1. Given H placed 1.01 Å from N in the peptide plane, which residues other than close sequence neighbours of ASN45 have an amide H under 5 Å from its amide H?
2. Using modelled backbone amide H atoms (1.01 Å from N, in-plane), which distant-in-sequence or interchain residues come within less than 5 Å of THR20's amide H?
3. Could you go through segment 58-66 in sequence order and give the Karplus-derived ³J(HN,Hα) for each residue, using 6.51 cos²θ - 1.76 cosθ + 1.60 with θ = phi - 60°, rounded to whole Hz, and x for Gly and Pro?
4. Enumerate the amide H contacts of MET3 below 5 Å, restricted to partners 5 or more residues apart or on another chain; note that Pro and chain-start residues carry no placed amide H.
5. Taking loop as defined by DSSP and a crowding limit of 12 other beta carbons within 10 Å, which GluC sites (Glu not before Pro) in the chain fit?
6. Let me have the relative contact order for the chain, percent, based on Cα pairs under 8 Å that are six or more residues apart.
7. Using Cα atoms only, what is the angle between the long axis of helix 29-41 and the major principal axis of the chain, expressed in degrees (0 to 90) to the nearest 10?
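Just so it is clear, none of the values below were taken in a lab; they were calculated from the coordinates. Since we're looking at a predicted model, the values are computed, not measured. Counting neighbours? That spans all protein chains shown, and the Cβs are built from the backbone with ideal geometry, glycine included.
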Amino acid sequence: MEMRRAGNSGLMLSRLGLGTMTWGRDTDEHEAADQCRAYIEAGGNFIDTANTYGDGDSERVIGGLV
């Protein structure tokens, strides 16, 4: 996976992020885990979420995976 530097911080982020808008709503926890596992195995390290995704369900799913 191609990585990019985040500004002057030195933090390296994967060029492609994993969107989680449907996690906990249209995507159940098992499918979310499969998606997350495949993304990390491909070298990804940038997961996009927000407290408005599924009324917070996306963040709860991510918390359970971490």
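1. SER14
2. ASP48
3. 4, 5, 5, 5, 4, x, x, 7, 6
4. Amide H to amide H, under 5 Å and 5 or more residues apart or across chains, MET3 pairs with ARG15.
5. Taking the chain and a limit of 12 other Cβ atoms within 10 Å, the loop GluC sites (Glu not before Pro) found are GLU2.
6. Numbers: 86 pairs, mean separation 23.4, N = 66.
In percent, rounded to a whole number, it is 35.
7. 10
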